[in-house]
Amino acid sequence: MKILLSGATGFIGQNLLEVLLEGNHQIYALVRQIDNRLDSRVTQLTLVSLESLDEKMDVFINLAGENIAGQRWTDNRKKALYESRVSLTDNIRKGLKFAPKSVISMSAVGYYGVARNEVFYENTPPKSGFSHDLCAAWENAANAFVSDDTRVAIFRLGVVLGDGGALAKMRLPFLCGLGGPIAGGKQWFSWVHIDDVVRAITDAASDEDYSGTYNLVAPQSIEQKRFAQSYAASLKRPAILPTPRWPLSLIFGEMATLLTEGAKIVPQRLEKQGFKFQYCNIDEALLDIAERF
């Protein structure tokens, strides 16, 4: 397949690119500037050079986006998060001479907003707030590709676990014995192993039955306290020191809700699609990551 990929150097992108290269696909990576970290088999394009692409892509895989939990949500940070997702997706659509046959785009379970005590399926009405507004706008930008010639599938991701991403930021505190339940640990923690994310994307790229929006989270629902205990155990460390809500709110402001509140998300459409998760148990997933990486 001819594949256009944004976010190729990110956490998910690197893992996905490794699998795609094994499949001998013709890959075009959209980059801000030429990046020597990318495999020489990948053709690199910028938004400017995208306009010179005279080939119709079989699939556009849209992974680009600034880390939503990377900084406090100031007005400038919110603008950067929006531009790196919504504006970029719009600009790619406008820059392509030929619409791709398929678009596989990311979103996040933040689409559902802050609601600790509710259960969310793909069609459950969301709660308002910045995380919902951002994800909804990103999904709308991806859905703008939809036509008789273009199929669109969108994945609302939970916390992706692997060698990088959220675990990379949590590893040092947990190794130092400082990992523990956050704000009581009773909030839901929606997670998914990186291998399942990559396989869901590649399945959706090749299977035309994938269309619309999917919750990409493991079918096992756990609370944050349970995750903390399991991650500490995988590192052979304790998880006894709790982190109260107030310092997180003081440090992170509005963004603290990503840590202190979490809804229960169910991957209903993926399971109906017949997708089989390789990692359904948090202990097995984290032990695999600890052993491999």
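The values are calculated or read from the model by the stated rules, or taken from the named source; none is laboratory data. As the structure is a computational prediction, the values presented were derived from the model and not from experiment. Backbone-built Cβ (ideal geometry, glycine too); neighbour counts: all protein chains shown.
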Exercise. Return yes when Ser128 is closer than 19 Å to Lys264 by Cα and in a strand (DSSP E or B) and no when it is not.
Key: no
Residues in region 187-233 that are out of contact with any Phe, Trp or Tyr (no Cβ under 9 Å at 6 or more places or on another chain), crowded, with 21+ Cβ neighbours inside 10 Å and part of a strand (DSSP E or B) total 1
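Here is a yes/no grid of residues against (1) free of Cβ contacts under 8 Å to residues at least 60 places away in the same chain; (2) more than 15 Å from Leu167 (Cβ to Cβ); (3) within 21 Å of the chain's Cα centre (by Cα):
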| site | (1), (2), (3) |
| --- | --- |
| Ile201 | no, yes, yes |
| Asp207 | yes, yes, yes |
| Gly212 | no, yes, yes |
| Glu223 | yes, yes, yes |
| Pro244 | no, yes, no |
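Here is a yes/no grid of residues against (1) touching a residue at least 12 places away in the same chain (Cβ under 8 Å); (2) more than 22 Å from Tyr210 (Cβ to Cβ); (3) touching a Pro at 6+ places or on another chain (Cβ under 8 Å):
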position: Thr89; (1), (2), (3): yes, no, no
position: Lys94; (1), (2), (3): no, yes, no
position: Ser105; (1), (2), (3): yes, no, no
position: Val109; (1), (2), (3): yes, no, no
position: Val114; (1), (2), (3): yes, yes, no
position: Ser131; (1), (2), (3): yes, yes, no
position: Asn143; (1), (2), (3): no, no, no
**Request:** Taking Leu38 as the residue in question, decide whether it is among the hydrophobic types (A, V, I, L, M, F, W, C) and surrounded by fewer than 20 Cβ atoms within 10 Å (Cβ to Cβ).
**Result:** yes
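For (1) among the aliphatic types (A, V, I, L, M); (2) under 30 Å from Phe252 (Cα atoms), each residue gets a yes or a no:
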{"site": "Ile27", "(1), (2)": "yes, no"}
{"site": "Asp35", "(1), (2)": "no, no"}
{"site": "Leu47", "(1), (2)": "yes, no"}
{"site": "Leu63", "(1), (2)": "yes, yes"}
{"site": "Gly70", "(1), (2)": "no, yes"}
{"site": "Lys78", "(1), (2)": "no, yes"}
{"site": "Tyr82", "(1), (2)": "no, yes"}
{"site": "Asp90", "(1), (2)": "no, yes"}
{"site": "Ser102", "(1), (2)": "no, no"}
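Let me confirm something: among Gly113, Gly129, which residue is of a type in the set (Gly, Ala, Ser), at pLDDT below 95 and within 17 Å of the chain's Cα centre (by Cα)? Lay out the reasoning, then the answer.
Numbers: Gly129 fails: within 17 Å of the chain's Cα centre (by Cα).
Of the residues listed, the single one that is of a type in the set (Gly, Ala, Ser), at pLDDT below 95 and within 17 Å of the chain's Cα centre (by Cα) is Gly113.
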Just wondering, is there one or more residues in region 82-90 that are of a type outside the set (A, V, I, L, M, F, W, C) and more than 25 Å from Ala8 (Cβ to Cβ)? no
In region 118-167, residues that are exposed (fewer than 15 other Cβ atoms within 10 Å of the Cβ) and among the β-branched types (Val, Ile, Thr) total 2
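Table: residues versus (1) within 21 Å of Ile12 (Cα to Cα); (2) modelled with pLDDT under 95; (3) of a type in the set (S, T, N, Q).
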position: Ala153; (1), (2), (3): yes, no, no
position: Arg171; (1), (2), (3): yes, yes, no
position: Ala183; (1), (2), (3): no, yes, no
position: His193; (1), (2), (3): yes, no, no
position: Arg199; (1), (2), (3): yes, no, no
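Does Ile154 satisfy the criteria of being in contact with an Asp or Glu (Cβ under 6 Å, 6 or more places away or on another chain) and not in a loop (DSSP other than H, G, I, E, B)?
On the way: in contact with an Asp or Glu (Cβ under 6 Å, 6 or more places away or on another chain): yes; not in a loop (DSSP other than H, G, I, E, B): yes.
Against the criterion (in contact with an Asp or Glu (Cβ under 6 Å, 6 or more places away or on another chain) and not in a loop (DSSP other than H, G, I, E, B)), Ile154 qualifies.
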Checked region 41-63 for anything assigned to a loop (DSSP other than H, G, I, E, B) and surrounded by 17 or more Cβ atoms within 10 Å (Cβ to Cβ); matches are Val42, Leu53, Met57, Leu63
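Please pick out the residue among Ala232, Ala239, Ala228, Ala218 that is of a type outside the set (Ser, Thr, Tyr), touching a helix residue (DSSP H, G or I) at 6+ places or on another chain (Cβ under 6 Å) and either under 30 Å from Ala142 (Cβ atoms) or free of Cβ contacts under 8 Å to residues at least 60 places away in the same chain (or both). Talk me through it step by step, then tell me what you get.
Working: Ala239 fails: either under 30 Å from Ala142 (Cβ atoms) or free of Cβ contacts under 8 Å to residues at least 60 places away in the same chain (or both); Ala228 fails: touching a helix residue (DSSP H, G or I) at 6+ places or on another chain (Cβ under 6 Å); Ala218 fails: touching a helix residue (DSSP H, G or I) at 6+ places or on another chain (Cβ under 6 Å).
Every option except Ala232 fails the conditions.
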Would a scan of region 168-186 turn up a residue that is assigned to a strand (DSSP E or B) and either out of contact with any strand residue (DSSP E or B) (no Cβ under 8 Å at 6 or more places or on another chain) or surrounded by fewer than 16 Cβ atoms within 10 Å (Cβ to Cβ) (or both)? no
Here the residues within region 18-35 that are surrounded by 12 or more Cβ atoms within 10 Å (Cβ to Cβ) and of a type in the set (Val, Ile, Thr) are Val19, Ile27, Val31
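So is Glu66 within 30 Å of Glu261 (Cβ to Cβ), in a loop (DSSP other than H, G, I, E, B) and not small (Gly, Ala, Ser) or not? Even if it seems obvious, please write down each step before you answer.
On the way: within 30 Å of Glu261 (Cβ to Cβ): yes; in a loop (DSSP other than H, G, I, E, B): yes; not small (Gly, Ala, Ser): yes.
Here the answer is yes, as Glu66 does meet what is asked.
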